[in-house]
1. Starting at the first residue of region 5-21, write each ³J(HN,Hα) from the Karplus equation 6.51 cos²θ - 1.76 cosθ + 1.60 with θ = phi - 60°, in whole Hz, x for Gly and Pro.
2. As I understand it, the dipole of region 2-111 uses +1 on the Cβ of Lys and Arg and -1 on the Cβ of Asp and Glu, about the Cα centre. Which of I53, I91, P10 lies farthest toward its positive end?
3. For region 50-112, how big is the tail of P(r) above 13 Å, as a whole percent of Cα pairs?
4. If you put +1 on each Lys and Arg Cβ and -1 on each Asp and Glu Cβ, how big is the dipole of the chain around its Cα centre, in Debye rounded to 20?
5. Can you compute log10 of I(q)/I(0) for region 13-95 with the Debye formula, treating each Cα as one identical point scatterer, at q = 0.15, 0.17, 0.22 Å⁻¹?
Amino acid sequence: MKLVEAVIKPFKLEQVKDALLEIGVQGMTVSDVKGFGRQKGHKETYRGHEYIIEFVPKVKISVAVSNATVPRVIEAIIGAAKTGSIGDGKIFIHNLADVVRIRTGESGDAAL
């Protein structure tokens, strides 16, 4: 089992969610996050003053899936989140030792 985390542009959330649902992903966790990568933030002007925004707003999506599903999840996220411009985001894949569904006590792939 794997935990796939994607940090994407906020306006791409609906498209990514729809793409994941289309391939059969049954649940996800979404968090509003801030950060920066190679773009190192950006400058904005407000009432004539220039401000440097170091931490850019992003959305982090976490999805727990079986090992066999990981390539399709990655493909779906890239297809839906890619704009071709800097700051499109990153995908992180973590190993999961176990998963337990609280309601039923099921564990492993059955809990996904």
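Just so it is clear, none of the values below were taken in a lab; they were calculated from the coordinates. This structure is a prediction, so every number in the text was calculated from the model and none was measured. Cβ sites come from the backbone with ideal geometry, for glycine too, and all protein chains shown count toward neighbours.
1. Taking θ as phi minus 60°, the curve returns 10, 10, 9, 10, 5, x, 6, 9, 4, 4, 5, 5, 4, 4, 5, 5, 5 Hz for region 5-21.
2. Of the candidates, I53 comes out farthest on the positive side.
3. Result for the distance tail: 72 percent.
4. 320
5. Cα-only, vacuum Debye calculation for region 13-95: -0.63, -0.76, -1.09.
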